Amino acid sequence: MKKRKYKFSMKKIVTLFFGALLSISCSNAQKKEFSKESLTKILVSTDKTEISFGDILEKQKGKVTVIEIWASWCSDCVKAMPKVKEMQANNPEVDYVFISMDKVYDKWINGIEKHDLKGKHYWATDGMKGKFGKSIDVDWIPRYIILDKNGNIKIYRAIETDFDKINATLKELK
């Protein structure tokens, strides 16, 4: 049996590296619209009324909106609360929509009260790995989505370390 010699030039290695990097960065790209599937997903309001995500977004038209995906059990979400409150104080003209990934209604309601969260509140009853979470690509919470006054997505995926980017985007949208 003949042994084969493989020659890898530096050019081939660099090309492979950048190809892999491009592939990874494209998978984390910011989406410009929500999937049709996500728009049909039903969430629950604090008064236990069911509403589709699409109808929630429709209500936000005409307003710059920050959507925060969070849960009362999430330590990173709790740690980010002071920055969220600072963002709200600095941007009072912006609407805030909180979507909880809690698994239990009472824990969600208690979390809103405990952290004194100001805004509109909805609950994805099937949690982070449920159908709604998957439809908007939730892989980490807290997660922030920014919409302009026309309902266009300006930031699709931001996390608690991205407040500089979030605040800069809100400043641009004023």
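Students often get this wrong, so check it: of K31/K114; K103/K149; K32/K63; K31/K107; K59/K174, which have C-alpha atoms separated by over 27 Å?
Where the Cα-Cα span goes over 27 Å, the pairs concerned are K31/K114; K103/K149; K31/K107.
Could you state the number of Å between the C-alpha centres of the stretch 77-96 and the stretch 29-55?
With the stretch 29-55 and the stretch 77-96 each reduced to a Cα centre, they are spaced 22 Å.
Taking the square root of 5 times each eigenvalue of the Cα gyration tensor, what semi-axes in Å does the equivalent ellipsoid of the stretch 72-169 have, largest first?
They are 21, 17, 13 Å, listed largest first.
Within the stretch 68-162, report the GluC sites (Glu not before Pro) that DSSP leaves as loop and that have at most 15 other Cβ atoms within 10 Å.
Qualifying residues, ordered by number: E93.
Rounded to the nearest 10 Å², what accessible area does K79 show when all protein chains are kept and the probe is 1.4 Å?
150 Å²
Dimensions of the stretch 123-174 along principal axes (Cα, Å, largest first)?
35, 26, 16
Please arrange D148, D164 by accessible surface area, largest first, computed with a 1.4 Å probe and ligands excluded.
Ranking D148, D164 by accessible area, largest first, yields D164, D148.
The values are calculated or read from the model by the stated rules, or taken from the named source; none is laboratory data. Model, not experiment: these values are computed from the prediction. Positions of Cβ are generated from backbone atoms using ideal geometry, with glycine treated the same way; all protein chains shown enter the neighbour counts. For the accessible areas, the whole protein counts, side chains as well, though only heavy atoms, and no ligand, DNA or RNA atoms are used. Shrake-Rupley method; radii C 1.70, N 1.55, O 1.52, S 1.80 Å.
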